[in-house]
1. For helix 125-134, report the angle its Cα long axis makes with the longest principal axis of the Cα atoms of the chain; keep it between 0 and 90° and round to the nearest 10°.
2. Report the relative contact order of the stretch 1-119, percent, no decimals, based on alpha-carbon pairs under 8 angstrom and at least 6 residues apart.
3. List every residue whose amide H lies under 5 Å from the amide H of residue 73, counting only residues 5 or more places away in sequence or on a different chain, with H placed 1.01 Å from N in the peptide plane.
4. Which length gain, in nm to one decimal place, applies between residue 117 and residue 90 when the Cα-Cα distance is subtracted from 0.36 nm times their residue separation?
5. Hand me the GluC sites (Glu not before Pro) from the stretch 1-81 located in a DSSP loop with no more than 16 other Cβ atoms within 10 Å, in residue order please.
6. Would you order 71, 51, 34 from fewest to most other beta-carbon atoms within 10 Å of each residue's own beta-carbon?
7. Taking amide H positions as placed in the peptide plane 1.01 Å from N, state which residues far from residue 62 in sequence (5 or more) or on other chains have amide H under 5 Å from it.
8. Once phi is turned into θ = phi - 60°, what whole-Hz ³J(HN,Hα) does the Karplus curve with 6.51, -1.76 and 1.60 give for every residue of the stretch 48-58, x standing for Gly and Pro?
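Where a number appears in this text, it was derived from the coordinates with a stated rule and is not lab data. This structure is a prediction, so every number in the text was calculated from the model and none was measured. Here Cβ is always computed from backbone atoms with ideal geometry, including for glycine, and neighbour counts include all displayed protein chains.
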Amino acid sequence: MIWLIGSSNQNPRYTSWEQFEKDKETVWSGVRNYAARLHLRGMKKGDQVLYYHSNEGLEIVGIARVIKEAYQDPTTDDDKWVAVDLKPFRRLKHPVSMEQIKEDPRLQEMALVRISRLSVQPVSDEEWKVVMGMAGEK
């Protein structure tokens, strides 16, 4: 399965791909949206994740991998909320902007276009291929 996560103003630790690379891995925690929580629970070890800068740049900048599946979110005592661990895989050759995504008719049904504020969302195989092509990836 392929996913997209968006950095959040609520957690400034996730605002830059550069910091993510320096940290070498991270706990993706603090998500408090019910739909996003369902998606976090659906993530499996090894799944690929598009990293989207939702604060500055509004662009997909890299690919991460899930290295630990959903577990109790350490930022809350409420056992309903979960976190996953992610590791950066690689930076994209060319970031793909929200503007480019919105302009491509093949991506009009992508969750990022339809519900852009959702911080964790699925990406179809076809959407993945289109985004990778736009990024200059094979």
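1. For 125-134 against the chain, the angle is about 60 degrees.
2. Numbers: 228 pairs, mean separation 33.8, N = 119.
Relative contact order for the stretch 1-119 comes out at 28 percent.
3. Result for residue 73 returns 81, 82, 83.
4. On the way: separation 27, 0.36 × 27 = 9.72 nm, distance 2.40 nm.
Contour length minus Cα-Cα distance gives 7.3 nm.
5. Numbers: sites: 18, 21, 25, 56, 59, 69; in loops: 25, 56.
Here the sparse-neighbourhood loop sites are 25, 56.
6. Numbers: 71 13, 51 25, 34 9.
Listed from fewest to most nearby Cβ atoms, that is 34, 71, 51.
7. So residue 62 has HN proximity to 51, 92.
8. Residue by residue, the stretch 48-58 yields 8, 9, 6, 9, 10, 6, 8, 9, 10, x, 6 Hz.
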